[in-house]
Each structure stands twice: as C-alpha cells, then as structure tokens.
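Step one of this worksheet: look at the structure below.
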Amino acid sequence: MDIQQSVVPVVSVKNLVRITDVIPRMVDEGYYHKLVEERREFERKGLSFFNQLHDLELIYYFVHDQQHIYAKHSRSDRTKREYLRDLLYFYDWCIRKVESTQSKNIFSKLSPVDIEVYQDELISRYSVATVARKVTVIKSFLKFLYKRQLLETPLYMEMKRATVRMKDRPNRDIEYEEMKQIVDYYKNHPILHALFSVLMTTGIRVEELCNARVCDLTYDRKRNEYWLRVIGKGNKERDVLIFPPIFERIVLFRKRRGLETILNAQDDSPLFTTNKGKKYSPKYLSRYLTEAIERTKLPFLSRIQGKVTPHWFRHGVAILLREAGADIREIQLYLGHESLRTTEIYLDRHIKKEKSAARKLSDISF
C-alpha cells in the first residue's frame, strides 16, 4: 500500500511542512473508502491490515472512521479538521522526539514517559479547555492503535485526565449594553455594523456566519419575519430570527459590497463576503472582528483580561435571552448547543446571581 499514491500528502518525517497546508487534503474522505475496501479484502484472507499502513494513513483512517451505521452521523468536516490538527501536531512532535528516519511505526516507539512529557508541553502552551480537547483526541487515537495491536502497551492509559472545571473557564459574560456599544461604534461602517449586529441578535458562531448563503435567508409571510438557516456543529440545522433592522443592515452590507440584495432561494453564494467577493474564512473573520473590537477602546474593555472575541456575543445572547424570560432548554435550542450542560456553563454566573440567597435580604433596611 503506497502512501504516495493516496490523497494523503507526502510528508517529510524530518519536517511536516505547514500543517495548515496538509489538512485540506486529508479532510477529503475519498481515500478512506478505498482503505475500507482494502481492509475488508485483507480480513477475508485472514491477514493483518493496519500494520500495512503508514503513520499518516493511520491518522487519516482514524479521523474518517465511521462509528455510526449511518454516514450522516459521522464526524463533520469541522470536527475532522480539529482532529487532524491535533493529531498532526502530535505526529510532528513524535517524529522529532523519536528522531526516526522512517515514516512508519513512529507511535510504536513511544514510551509512557514520552506521553507524560507531551502532556506537560501541552499544559505549558495552551489553555485548560484546549489541553482537554487535545488530550481527548490523542487518547482516543492511541486507544485505536492499541486495539488494532499496533502498540504493545496501552499508552492511552498513561494520559492523565484533563477535565475542565468551572473555575478554570474564562469569564466571557458580556451584557447587552456592552455589545450595543460595539455595534453603535461602527454604525457608520456598513460592513462591521452588519456583522456585529447579526452576532448580537442571533448568537450564531463565526463559522456559521461565514457559511451562511443567500438562499438561507428567507421571509416567512405568515409571520411577517425574516429567518436565517444556519448549519451548526454535527451538521445540525436551525433557524435564527433576523429582526427587521438587522435585515436592513444586511442589505446595506451587500450594497456596499456591490452584491444583489433581492432574496433568492436559488442563490447559494455567500451571504457575507470579503471585499473581493469571496467567502470569509472563520479564522480570518474572527481575527478581523476581534481587532475591530480592540480598536474601539471602549471603557468596559479595560476591566476584561485578554481579548473580547466574536464568541463572546454567543454568551451575551444567552444572557439576554435568559433576562427576557427564556428557559435554559429554549436557549440551548436557539444557540444550537449539543448538550444542555454547555448552555448551563454559559449562564453559570448569571444564574448564580439570579438565585443568590442574598436576594432574600432585599427588603431589609440597611
């Protein structure tokens, strides 16, 4: 089985080149189906399949491995990219650690001490939440290798738990008035005004904003309302309400970009584009909006440690909905959270204030 004949890129074991360049090719699942067929053929003959694969092919197979009987429930491309990024950086580290001249069986040369050292390096470089995600992915991959007898020892058991506790999570609470200050600051900037307005009123993710198409924005005549259909994590669709003033700001955005402003159910082009008419990338748009928030130098920003990013608007919308009387389940559905626990984390500080025992003293004269 020749890795050079596959869609998996040829990567020097001495230098993994730019991982961001490798990921787009490895997200393509076309080669996975070929591997599945070859695996079945090997197994019919009673032969071992996985020890024929190169390390990159093992990573590729693991990331695309279909765990659910229905393909539609498999990992989304977004999740695959995250897995690939974490595993390729781990692979690169393994190559440098082992100092091997081979592009095969790198992982089998690791020891429990190596796993411990790698976790220490993760802790020194990343936030608690990022470390937890990386540990989960790598641990799962090492378990995959062990189950297929590619590792002699269960290295996955050497990885310490990386649970994210509430106290470790950064406080991203932002009030409506603070979001409104950012939106109003750019009221004479049609591009930023529209983007921040949509985030402030819908709480959608930056990636969902980037992926929104013209045909996803529709008018409900019965309710006299505009709705935007977005695709969230796990390829789950949901509709978010676009209030009339926000719709007008979207129209102004598209006029400034020289784009058509008539709703068209057949138009699958991006709803929001760069000045070159291209679809925004999530990484670029997040950085662009974060820098725009910094430039405002609004007074409330001085009390916040770190940077306010577009993701804060999701937390702000959760708080706004709660203050408007929505229950946690309604907020979960509107924000597209897979787990109710995620919504509870968003609202943790707000609800604690809401239910504080001190409120029972409000009628006492001090």
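Which one of these does Arg96 not meet: (1) modelled with pLDDT of 90 or more; (2) in a helix (DSSP H, G or I)?
Every condition holds for Arg96 apart from (1).
Go through region 178-189 and count every residue that is in contact (Cβ under 8 Å) with a residue 60 or more places away in the chain, more than 18 Å from Ile304 (Cα to Cα) and open to solvent by 30 Å² or more (accessible area, probe 1.4 Å).
1
Kindly establish whether Met159 is under 30 Å from Glu344 (Cβ atoms), over 19 Å from the mean Cα position of the chain (by Cα) and at pLDDT below 95.
Yes: the conditions hold for Met159.
Kindly indicate whether Pro299 is under 19 Å from Arg172 (Cα atoms) and surrounded by 13 or more Cβ atoms within 10 Å (Cβ to Cβ).
So Pro299 fails the test.
Collect the residues in region 315-366 that are closer than 21 Å to Glu177 by Cβ, of a type in the set (A, V, I, L, M, F, W, C) and either part of a helix (DSSP H, G or I) or open to solvent by less than 60 Å² (accessible area, probe 1.4 Å) (or both), keeping them in residue-number order.
Matches in region 315-366: Val317, Ala318, Ile319, Leu320, Leu321, Ala326, Ile331, Leu335, Leu347, Ile351.
Between Val113, Val117, which is at pLDDT 90 or above, on the phi < 0 side of the Ramachandran plot, more than 19 Å from the chain's Cα centre (by Cα) and open to solvent by 60 Å² or more (accessible area, probe 1.4 Å)?
Going through Val113, Val117 in turn, the sole match is Val113.
Look through Tyr70, Tyr89, Tyr60 and report the one residue that is over 21 Å from the mean Cα position of the chain (by Cα) and either modelled with pLDDT of 90 or more or not basic (Lys, Arg) (or both).
Exactly one of Tyr70, Tyr89, Tyr60 is over 21 Å from the mean Cα position of the chain (by Cα) and either modelled with pLDDT of 90 or more or not basic (Lys, Arg) (or both), namely Tyr70.
I'm checking my understanding of the structure. Among residues of region 231-273 that are surrounded by 13 or more Cβ atoms within 10 Å (Cβ to Cβ), of a type outside the set (S, T, N, Q) and part of a loop (DSSP other than H, G, I, E, B), which one is nearest to the chain's Cα centre (by Cα)?
Checking each candidate, the answer is Gly232.
Which pairs turn up if I take residues in region 257-285 that are within 12 Å of Val206 (Cα to Cα) and at pLDDT below 95 and look for partners that are β-branched (Val, Ile, Thr) and in a helix (DSSP H, G or I) with beta carbon separation below 8 Å, at least 6 apart in sequence or on another chain?
As it stands, the answer is Pro282/Val206, since those pairs meet every condition given.
Of all residues being within 21 Å of Gln66 (Cβ to Cβ) and of a type in the set (D, E, K, R) in region 129-148, which is most open to solvent (accessible area, probe 1.4 Å)? Just the residue, please.
Lys147
The values are calculated or read from the model by the stated rules, or taken from the named source; none is laboratory data. The structure displayed is predicted, hence computed values, not measured ones. Heads up, the Cβs are rebuilt from the backbone with ideal geometry, glycines too, and the neighbour counts pull from every protein chain shown. Protein only, heavy atoms only, side chains kept; ligands, DNA and RNA dropped before computing areas. Shrake-Rupley method; radii C 1.70, N 1.55, O 1.52, S 1.80 Å.
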